[in-house]
1. Students often get this wrong, so check it: of K30/K107; K407/K553; K99/K533; K107/K465; K92/K166, which have C-alpha atoms separated by over 22 Å?
2. Can you list the lysines whose alpha carbon is less than 20 Å from that of K245, not counting same-chain residues fewer than 8 positions off?
3. To the nearest 10 degrees, how steep is helix 91-101 against the longest Cα principal axis of the chain, on a 0 to 90 scale?
4. So for each of 335-345, 114-124, 236-246, 42-52 I average, over its residues, the number of other beta carbons within 10 Å; can you give me the resulting order with the highest mean first?
5. Which of the listed residues, S451, A126, L303, is farthest toward the dipole's positive end in the chain, when Lys, Arg count +1 and Asp, Glu count -1 at the beta-carbon?
6. Rounded to the nearest 10 degrees, what's the angle between the helix 268-277 long axis and the longest principal axis of the chain, both from Cα atoms, 0 to 90?
7. What net charge do the residues around L253 carry, taking every other residue with its C-beta under 9 Å from that of L253, with Lys and Arg at +1 and Asp and Glu at -1?
8. What is the helix-to-structure angle for 493-509, meaning the angle in degrees between its Cα long axis and the longest Cα principal axis of the chain, kept from 0 to 90 and rounded to the nearest 10?
Amino acid sequence: MTTSFVLEGRFVDVFEQRIKVGKLRIDNGKILAFEECGSSSSALYMPGFVDAHIHVESSLLVPTEFARLALPHGTIATVSDPHEIGNVLGVKGVLYMLKNAENTPLKIYFGAPSCVPATSAALETAGAEISSEEIAQLLDRDDIGYLAEVMNFPGVLNADKAVMSKIQAALHRNKPIDGHFPGGRGEDAKRYIEAGYPEQTTISTDHECFSLEEAIDKLEYGMKISIREGSAARNLEALHPLFEKVSADRLMLCSDDRHPDTLIKGHINELARRLVQKGYDPLKVITSATRTAVEHYRLNVGLLRPGDPADCIKVRDLESFHVEETYIDGKLVARDGTCLVPSSPIEIVNNFSCSPIALGDIEQNGESTSIRVIDVLDGEIVTRSGEGVVTSHGGKLVSDTTTDILKLVVVNRYTASPPAIAFVRGFQLKHGALASSVGHDCHNIIAVGVSDKDIVAAVNEIVEKKGGLSIADGENRQILPLPVAGIMSDLPGEEVAELYTALDENAKKLGSPLRAPYMSLSFLALLVIPELKLSDKGLFDGRTFQFTSLELK
């Protein structure tokens with residue numbers, strides 16, 4: 001059915017960097033023409049927001065339900081790396097995301113996950129592997145637009161054959177390559193960006209910068225920087241001065257990982273609002289939140305030009321970025337905070353094979369001694385390698401709330417093997433335990449707690465449901481089941497947001513001051529982010545990329 005209509009009012013032009021008044025004529029999902037003329041309408045339209053880097057799975061929602069929460073906030077497109085489900089199900093998981101995303105108007109542009117698993121089988125156990133040959137096959141698809149974040153930065157710096165073959169496959173197909181080099185500076189950053197091609201910007205983006213100096217180094221070597229503000233990793237405060245230093249076409253905005261309780265409240269519009277509140281030019285902010293990603297990734301997303309898809313949003317003003325209407329391909333998909341797209345049936349796929357654990361499985365023999373402690377940083381996914389004295393009770397190392405040194409456990413959910421044990425500081429739980437089968441990137445079960453009994457109970461709640469987020473505090477148990485690959489729910493997004501909010505509130509009642517305790521927990525197994533992490537195979541130093549001992553020698 002052909003639909004024609006006119007939008008009248010004020011329009012943000014991200015090319016001429018001005019606001020134009022007139023009429024936008026739309027026909028059959030495309031912008032037919034723009035007539036600059038006088039208008040009595042005060043309506044204000046702008047291009048829709050683009051999240052330049054996000055793992056949809058980390059919202060705990062399948063793409064269709066993620067879209068239903070994001071569309072009311074003016075998000076019309078995302079650049080999405082499906083490596084979370086890839087680590088669980090391999091190429092089958094990537095294809096699942098592509099198929100599910102066909103049922104939503106949100107323009108989700110997927111990449112080929114370059115690091116599945118993120119490291120090697122010697123370091124951690126994933127549910128699947130995506131080979132160089134499979135990466136090439138994915139990149140041959142029209143619905144795979146880029147090579148997703150190359151997390152194996154040691155592999156790039158050391159010219160690892162498998163890593164380089166994936167980079168070459170993307171270059172051969174003229175598809176962008178996303179980066180991931182947290183803390184990369186100077187000559188190492190330059191070598192990583194060139195990836196074996198001197199004086200060439202081969203790896204062209206990074207969303208992992210957590211200091212201004214790091215971002216400036218990478219910009220100087222030709223990268224674009226995505227400023228990230230997610231549920232756990234929050235780098236906007238450190239990086240916003242970039243808006244004074246470089247042009248808008250060098251900057252993008254992203255969330256990377258957004259849990260449903262924060263997604264339901266806001267998305268990229270929230271980042272734009274905060275940047276404008278800091279005094280930055282709204283037109284420059286909007287350009288970074290829209291045009292830069294569209295052009296860099298060559299997205300089929302409209303920017304209010306004749307011939308473009310009729311993608312735009314109506315906002316109250318360019319300060320609050322309160323979204324009143326969202327249009328995609330000429331269709332109104334959200335209005336006044338309500339998504340107009342219904343839920344779709346959700347197929348269940350999974351890879352979950354572990355059995356319940358017992359108390360004896362997580363006992364750690366030893367006497368009170370100095371140990372390495374993972375120090376959590378609120379608002380960051382990097383950790384610090386700290387030191388502390390662990391408490392011993394009856395010859396067993398246990399959690400100690402007085403020093404906030406708590407037991408951390410990772411349970412392999414794919415094959416039977418002994419749990420890995422370490423200790424973490426920063427959660428400040430006074431009682432109870434938290435557990436999650438969202439454990440980046442391999443998605444084994446990760447748990448932290450005050451008592452071994454509660455840790456075991458929290459883990460076994462997840463084992464029973466074959467995925468989820470859980471709390472155990474004595475006889476009190478609570479779980480948000482995640483039956484889709486053990487990392488996503490099969491419920492409507494609004495219900496997931498409500499259940500997650502209750503879990504988050506209860507985690508904080510246990511004593512945690514962290515803004516997103518479950519998100520922070522999920523990253524404690526992510527070996528490619530320094531400094532100290534725990535995989536299912538042991539305590540890992542991300543600086544040396546080697547296992548290390550719990551006890552200090």
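Coordinate-derived values only; no laboratory data. The model shown is predicted, which means the values in this text are computed figures rather than measured ones. Here Cβ is always computed from backbone atoms with ideal geometry, including for glycine, and neighbour counts include all displayed protein chains.
1. K99/K533; K107/K465
2. Those lysines meeting the cut-off are K190, K218, K224, K278, K284.
3. So the helix axis and the longest Cα principal axis differ by about 40 degrees.
4. On the way: 335-345: 13.5, 114-124: 21.0, 236-246: 15.9, 42-52: 23.5.
Listed from highest to lowest mean packing, they are 42-52, 114-124, 236-246, 335-345.
5. L303
6. The angle comes out at about 80 degrees.
7. Numbers: positive: R228; negative: D51, E229.
Net of charged neighbours comes to -1.
8. 40 degrees
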